[in-house]
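*Asks:* Encoded as C-alpha cells, here's the structure I'll be asking about.
The values are calculated or read from the model by the stated rules, or taken from the named source; none is laboratory data. What you see is a predicted model, and the numbers here were worked out from it, not measured in a lab. Backbone-built Cβ (ideal geometry, glycine too); neighbour counts: all protein chains shown.
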Amino acid sequence: MITLALSKGRIFDETMPLLAAAGITVTEDPETSRKLILATNRPEVRVVLVRATDVPTYVQFGGADLGVAGLDVLLEHGSEWGGAGLYQPLDLRIAKCRMSVATRADFDYASAVRQGSRIRVATKYVSVARNHFADKGVHVDLIKLYGSMELAPLTGLADAIVDLVSTGSTLRANQLVEVEQIMPISSRLVVNPAALKLKREPIRALIDAFERALPQD
C-alpha cells in the first residue's frame, strides 16, 4: 500500500491533475466526504487528508509514504526537526504564492529597517521570519499567531507581519501594503526515505509520473 498525504484546498485540487497523469483518481470528493482516508481507483494507493502543517510530520515518521507540502511548511518543519528525515525530489510548481512582509500603509518600514530599530513582527512562520531579519541585521520581536494575521498591525499588536501572499487582495481589504518579498513559494513532493527503499519501484514510478506531468512555467 502506498499512502499519499495531502491537505484540503488548493494543494489537493492542484495535485489531482498530477495524480491523474499517473493513472490515479480519488474515488470520493473530500469536500463532501467525512472520511480522512480516501480510496483511489488503484487498490494499492490511498490518500490521507491531514492539516497542511502536518504533512511533513506524517511523511517523516511513516504515517504516509509521500506527500505534497508547501515550501513554507517545509522550512518551518525543517527548523523544528533539524532539517532531517525528508527526501524532496520535486518542486511541483503548484499552489504558487510568495512569502512577504506587510505593514500598515502609514508605517515607515524602510526607515525602521534602515535605522536598525527593533520592530515587532507577527507571523506563524517564525523560523523564516527570524532568518530573514537576521540576514538583514534587523532586530525583531517575533509574535507567533495562527490566523487572522492582518489584525496584528491594525490593532497595534505588531508593526509588521510575515505571511503568504497570492493576489494581495486580503492585504488591500485590510489597508495593509506588501513592503518586501522574502521568497517565492510553491509545493514540493516529499518522500519518506525508508519507504523509498522498501517500496522503491511503485514510489519511483509515481515520482516519475509526477515529473512528466509538471506544469510548465
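*Asks:* Would you check if there is a residue in the range 30-46 being over 30 Å from ILE182 (Cα atoms), in a loop (DSSP other than H, G, I, E, B), modelled with pLDDT under 90 and acidic (Asp, Glu)?
*Replies:* Yes, there is a match, as at least one residue in the range 30-46 is over 30 Å from ILE182 (Cα atoms), in a loop (DSSP other than H, G, I, E, B), modelled with pLDDT under 90 and acidic (Asp, Glu).
*Asks:* In addition: Take the conditions within 20 Å of LEU71 (Cα to Cα) and at pLDDT 95 or above and apply them to PRO184. Does it pass? Even if it seems obvious, please write down each step before you answer.
*Replies:* Values: within 20 Å of LEU71 (Cα to Cα): yes; at pLDDT 95 or above: yes.
Judged against the criteria, PRO184 is a match.
*Asks:* If we keep just the residues of the range 166-208 that are assigned to a helix (DSSP H, G or I) and not assigned by TED's automatic domain parsing to the domain that holds TYR58, which is surrounded by the most Cβ atoms within 10 Å (Cβ to Cβ)?
*Replies:* Of all residues in the range 166-208, those assigned to a helix (DSSP H, G or I) come to 169-173, 193-198, 200-208.
Those left that are additionally not assigned by TED's automatic domain parsing to the domain that holds TYR58: 169-173.
Working: SER169: 9, THR170: 15, LEU171: 20, ARG172: 12, ALA173: 9.
Out of the qualifying residues, it is LEU171.
*Asks:* A further question on this structure: Would you mention how many residues in the range 131-153 are in a helix (DSSP H, G or I) and modelled with pLDDT of 95 or more?
*Replies:* Total meeting the criteria: 3.
*Asks:* What's the number of the condition GLY137 fails, among (1) without any contact (Cβ under 8 Å) to a residue 40 or more places away in the chain; (2) under 21 Å from THR170 (Cα atoms)?
*Replies:* (2)
*Asks:* For the range 96-104, state whether one or more residues are closer than 23 Å to LYS35 by Cα, surrounded by 18 or more Cβ atoms within 10 Å (Cβ to Cβ) and not hydrophobic (A, V, I, L, M, F, W, C). Walk me through how you get there before you give the answer.
*Replies:* Start the filter on the range 96-104 by keeping residues that are closer than 23 Å to LYS35 by Cα, which leaves none.
Among the residues of the range 96-104, not one is closer than 23 Å to LYS35 by Cα, surrounded by 18 or more Cβ atoms within 10 Å (Cβ to Cβ) and not hydrophobic (A, V, I, L, M, F, W, C), which makes the answer no.
*Asks:* Further question: With GLY63, GLY67 as the choices, which residue is small (Gly, Ala, Ser), under 27 Å from LYS124 (Cβ atoms) and outside any strand (DSSP E or B)? Spell out the reasoning first.
*Replies:* Details: GLY67 fails: outside any strand (DSSP E or B).
Exactly one residue qualifies, and that residue is GLY63.
*Asks:* Can you give me the number of residues within the range 15-34 that are among the charged types (D, E, K, R) and in contact (Cβ under 8 Å) with a residue 12 or more places away in the chain? Show your work before the answer.
*Replies:* Going residue by residue through the range 15-34, those that are among the charged types (D, E, K, R) are 28-29, 31, 34.
Going one step further and asking which of them are in contact (Cβ under 8 Å) with a residue 12 or more places away in the chain, we end up with 31.
Residues in the range 15-34 being among the charged types (D, E, K, R) and in contact (Cβ under 8 Å) with a residue 12 or more places away in the chain: 1 in total.
*Asks:* What pairs come out if I take residues in the range 153-179 that are free of Cβ contacts under 8 Å to residues at least 40 places away in the same chain and pair them with residues that are of a type in the set (Phe, Trp, Tyr) and in a loop (DSSP other than H, G, I, E, B) whose C-beta lies under 6 Å away, six or more apart or interchain?
*Replies:* So the pair list comes out empty.
*Asks:* Do you know which residues across the range 113-130 are within 17 Å of the chain's Cα centre (by Cα) and not aromatic (Phe, Trp, Tyr)?
*Replies:* Going residue by residue through the range 113-130, those that are within 17 Å of the chain's Cα centre (by Cα) are 123-129.
If the condition is that a residue be within 17 Å of the chain's Cα centre (by Cα) and not aromatic (Phe, Trp, Tyr), then THR123, LYS124, VAL126, SER127, VAL128, ALA129 are the ones that fit.
*Asks:* Can you name the number of the only condition in (1) of a type in the set (A, V, I, L, M); (2) touching an Asp or Glu at 6+ places or on another chain (Cβ under 6 Å); (3) not in a strand (DSSP E or B) that VAL101 fails?
*Replies:* With (1) of a type in the set (A, V, I, L, M); (2) touching an Asp or Glu at 6+ places or on another chain (Cβ under 6 Å); (3) not in a strand (DSSP E or B) applied to VAL101, the lone miss is (3).
*Asks:* Would you confirm, using the coordinates I've provided, whether SER117 is surrounded by fewer than 16 Cβ atoms within 10 Å (Cβ to Cβ), part of a loop (DSSP other than H, G, I, E, B) and among the hydroxyl-bearing types (Ser, Thr, Tyr)? Spell out the reasoning first.
*Replies:* On the way: surrounded by fewer than 16 Cβ atoms within 10 Å (Cβ to Cβ): yes; part of a loop (DSSP other than H, G, I, E, B): yes; among the hydroxyl-bearing types (Ser, Thr, Tyr): yes.
For SER117, the condition - surrounded by fewer than 16 Cβ atoms within 10 Å (Cβ to Cβ), part of a loop (DSSP other than H, G, I, E, B) and among the hydroxyl-bearing types (Ser, Thr, Tyr) - is met.
*Asks:* Another question, if that's okay. Among the residues of the range 23-44, count how many are surrounded by 15 or more Cβ atoms within 10 Å (Cβ to Cβ) and in contact with a Ser or Thr (Cβ under 8 Å, 6 or more places away or on another chain).
*Replies:* Residues meeting the conditions: 4.
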